[in-house]
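FYI, it's all coordinate maths here, none of it is from the lab. Here the structure is a predicted model, which is why all the values come from computation and not from measurement. Heads up, the Cβs are rebuilt from the backbone with ideal geometry, glycines too, and the neighbour counts pull from every protein chain shown.
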Amino acid sequence: MTSMLFEILIYPGIIFILIASIIYSGIMRKLAARMQSRIGPPIYQVFYDLIKLIGKENIRPKQAKPGFTLFPAIALASVLIAGLLIPIHTKIIYFTGDYIAIIYFLLFSSAAIFLAGYASSNNLAIVGSIRGIVMIFAYELPFIISVLVPILAFNLNSIQSFDTWLIAYYPLAALSMFISILAKVEIPPFHIPNAHQELVDGYSIEFTGKRLALIELTTMVKTFVLILLMITLYLGGAQNIFILIIKSLSVLFALTISRVLFARLRIEQALRFYWILALIVAIDLIRVL
Amino acid sequence: MNEDTCYTLPLGPQHPALIEPEYLKIHLDGETIVNVDINLGYMHRGIEKALQQRTYQQDQFLIEKICGICSSIHTLTYCNAIEKLLEVDIPERAKYIRMIVAELERLHSHMLWVGIAGYEIGFDTVFHMSWRDRELVMELLENISGKRVGYSMNTIGGVRRDISKDMAENIRTIMDKIDIRLNHYINVFVKDSTITKRTKNTGILTQKDAIKYSAVGPVARASGISCDLRKKAPYLLYDNVDFKEITHNTNDVESRAVVRLKELLESTKIIRQCLHLMQKGELTIKIPDTVPEGETISHGEAPRGEIFYYARSDGTDKPYRIKIRTPTLSNIHSLQAMLKGQQLADLPIIVASIDPCFSCTDRITLLNTRTGMSKSVDATYLKTLKR
């Protein structure tokens with residue numbers, strides 16, 4: 001019982017996921033900076049940012065609708081639950097069909113953030129949220145297919161860590177998962193909902209203080225959880241923490257390369273891209289069925 | 001288009017896509033732009049009035065502050081105007097130094113624009129890289145004038161500082177470096193697929209519209225209009241140097257980027273020729289404090305387009321009137337033609353594609369094009385703006 005509590009709360013549970021995702025966010029900022037020939041902030045800068053945000057005043061705009069406070073918290077909670085469901089090297093919680101739950105909780109954390117943006121009743125936030133919801137329709141189909149491919153291939157009841165490198169057997173599905181991660185955590189070229197230039201950070205414009213910290217933390221945790229999912233399903237799993245760190249850092253490196261290498265696409269260009277991607281990844285789905 | 005289904009989105013006065021305060025009221029239908037209202041006047045500084053209260057010598061330093069980026073071309077045009085009134089001819093070496101500084105300014109201004117254009121389409125790497133390369137030019141300018149911004153090089157009757165042999169050598173080596181980088185950026189803007197996806201066929205300004213909205217500078221040249229004042233009405237010694245006027249006729253944002261970047265290759269050519277042609281000689285001539293009665297105009301090719309000065313003197317040491325028209329004022333109206341029917345996502349890059357510099361633009365008169373009414377800004381009008 002104590003060991004299970006330890007696993008849920010500390011390693012490889014909530015505390016580990018939170019701290020690792022903050023550090024990874026810092027590493028990504030540093031890597032991106034070096035690739036853009038800047039010095040960049042120190043890796044622990046993200047901790048300072050979050051501590052600062054938590055200390056700030058909580059401002060609730062007058063026009064805010066109910067759910068303004070609730071949705072950011074729900075977003076972080078659901079993405080953490082998704083993290084707990086992913087078997088890193090031990091299964092903490094598992095039940096029949098938990099992969100559906102992972103897909104659901106990851107989707108719901110995105111949706112909750114967009115609902116929070118919608119609840120803030122700001123014109124720019126609403127446009128950002130609408131874009132976010134449209135993007136969900138774009139990337140969710142290839143993402144779901146790429147999660148289901150390994151599970152259907154081995155006829156499993158619940159998700160498990162694969163020791164073989166399934167990327168070699170299902171490269172299209174692995175690629176589609178990677179590209180869906182880009183859109184899920186809004187890394188260029190798919191940082192469309194929070195477009196800084198036209199929407200002033202979109203859905204998060206009205207958020208300050210602790211609520212903004214929750215939203216930022218959600219994105220960081222989502223990045224880390226999706227990297228874990230990618231490793232578990234396609235990159236041969238992580239037998240111990242060193243392998244985990246090496247593999248996750250390489251995925252992070254690939255994400256960072258995408259971050260510095262592309263301009264933002266327009267939303268209809270992104271939609272077209274993802275629907276073509278869904279067609280391509282369907283080839284792998286047909287192969288396993 | 002039914003006005004009821006439209007959705008109004010404010011762009012500005014405070015907005016990250018606009019570095020300076022300006023208010024664009026955007027009427028949206030979904031994500032498509034139906035109409036744009038342009039509201040100028042948030043940065044009015046009363047600079048033309050202030051010029052009348054100071055002497056000609058003091059005005060040089062105030063005029064530099066009109067624009068932080070094209071400060072040299074402003075003083076250059078002003079000095080040209082006053083020298084015309086005084087009927088003096090400045091030494092040849094001073095003319096070449098003025099040209100070198102003006103072209104260096106064009107270099108750093110356009111490279112800044114390349115960075116902004118990258119930033120506006122969400123491509124931060126282009127922004128960081130081009131600003132890193134722009135730093136080479138900024139250091140050169142600091143080396144020549146002692147300042148990075150507002151060089152105070154031009155003065156009525158000549159220039160303040162000389163370009164020594166070491167500096168000339170330094171400029172030559174850096175120009176070679178810049179040429180390599182510029183060719184790289186031209187390559188990036190023409191070939192990179194995510195950039196061309198955003199810049200090709202966006203913000204179309206046809207040649208007809210460009211003439212109708214009186215676009216100037218790179219914006220007009222990107223629509224195939226030849227309007228480079230350095231060729232059309234050479235000032236200083238631009239007819240002594242050999243360079244091409246760049247025009248491009250695809251009319252879109254990419255065209256504007258290509259025009260600006262290719263123009264810079266010509267600028268480095270001009271700088272090299274100026275360094276070659278420069279003979280030893282005086283830098284300034286003596287000029288009197290008072291300017292004889294009369295009026296004149298003067299213009300120059302600023303990085304953003306044609307800059308226009310009108311000066312009138314009443315025989316004292318202070319100008320009677322100085323009227324300035326900056327290129328953004330001519331270009332900003334073409335935004336209406338560019339933006340209609342475009343996507344909201346393309347708005348920042350289209351606005352940035354005219355390289356707006358709003359603080360230079362804001363003047364005291366408001367014109368309502370629909371009713372043909374004009375009015376001046378006064379205290380009551382300012383109070384109506386206050387919420």
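A few remarks follow.
- Per-residue Karplus couplings for segment B:243-249, computed as 6.51 cos²θ - 1.76 cosθ + 1.60 with θ equal to phi - 60°, are listed in order as 8, 9, 8, 8, 10, 9, 10 Hz, Gly and Pro entered as x.
- Evaluated at q = 0.12, 0.18, 0.19 Å⁻¹, a Debye calculation over the C-alpha positions of segment A:45-196 (equal weights, vacuum) places log10 I(q)/I(0) at -0.63, -1.18, -1.25.
- Full-extension gain in nm, B:Arg161 to B:Lys280, via 0.36 nm per residue minus C-alpha separation: 41.5 nm
- Fraction in percent of alpha-carbon pairs per bin - 10 Å, segment B:47-329: 7, 29, 34, 22, 8, 1
- Here the label points at B:Asn39 and A:Lys52, each 7 Å from Cα along the C-beta direction, are separated by 3.1 nm in the simple model.
- Helix A:171-184 vs. chain A, principal-axis angle (Cα, 0 to 90°, nearest 10): 20 degrees
- For segment A:2-288, convex hull of alpha carbons as volume per residue, Å³: 129 Å³
- Whichever lysines have a C-alpha closer than 23 Å to that of A:Lys91, once near sequence neighbours (fewer than 8 apart) are set aside: A:Lys222, A:Lys247
- Cross-link pairs B:Lys231/B:Lys269; B:Lys84/B:Lys286; B:Lys95/B:Lys165; B:Lys65/B:Lys323; B:Lys25/B:Lys212; B:Lys84/B:Lys323 - those with Cα-Cα distance over 19 Å: B:Lys25/B:Lys212
- Proximal aspartates and glutamates relative to A:Lys62, as straight alpha-carbon distance under 14 Å, when same-chain residues fewer than 8 apart are discounted: A:Glu206
- Computed over segment A:2-288, relative contact order equals 27 percent, with contacts defined as Cα pairs under 8 Å that lie 6+ residues apart.
- Exposure proxy ranking, count of Cβ atoms within 10 Å, fewest first, for A:Ser109, A:Ser121, B:Ser71: A:Ser121, B:Ser71, A:Ser109
- Size of electric dipole in chain B: Cβ of Lys, Arg +1 and of Asp, Glu -1, about Cα centre, debye, nearest 20: 180 debye
- The order of B:Val101, B:Val36, B:Val88, B:Val253, going from fewest to most other C-beta atoms within 10 Å of their C-beta, is B:Val88, B:Val36, B:Val101, B:Val253.
- For A:Trp275, B:Trp113, B:Trp131, A:Trp165, order by how many other beta-carbon atoms lie within 10 Å, fewest first: A:Trp165, A:Trp275, B:Trp131, B:Trp113
- Per-pair calculated FRET efficiency, R0 = 56 Å: A:Lys62 and B:Glu139 via Cβ, rounded to 0.05: 0.65
- Helix axis angle, A:267-288 relative to chain A longest principal axis, alpha carbon, degrees: 20 degrees
- A simple rule links phi to the HN-Hα coupling: the Karplus curve 6.51 cos²θ - 1.76 cosθ + 1.60 with θ = phi - 60°, which for segment B:303-316 gives x, 8, x, 6, 10, 10, 10, 10, 10, 10, 10, 10, x, 9 Hz, with x for Gly and Pro.
- Estimated Rh, the protein assembly as shown: Kirkwood, alpha-carbon pairs, angstrom: 27.9 Å
- Helix A:123-153 and the longest principal axis of the Cα set of chain A meet at an angle near 10°.
- Note on B:Lys340 and A:Glu268: with the Förster distance fixed at 22 Å, the Cβ-Cβ geometry gives a FRET efficiency of about 0.75.
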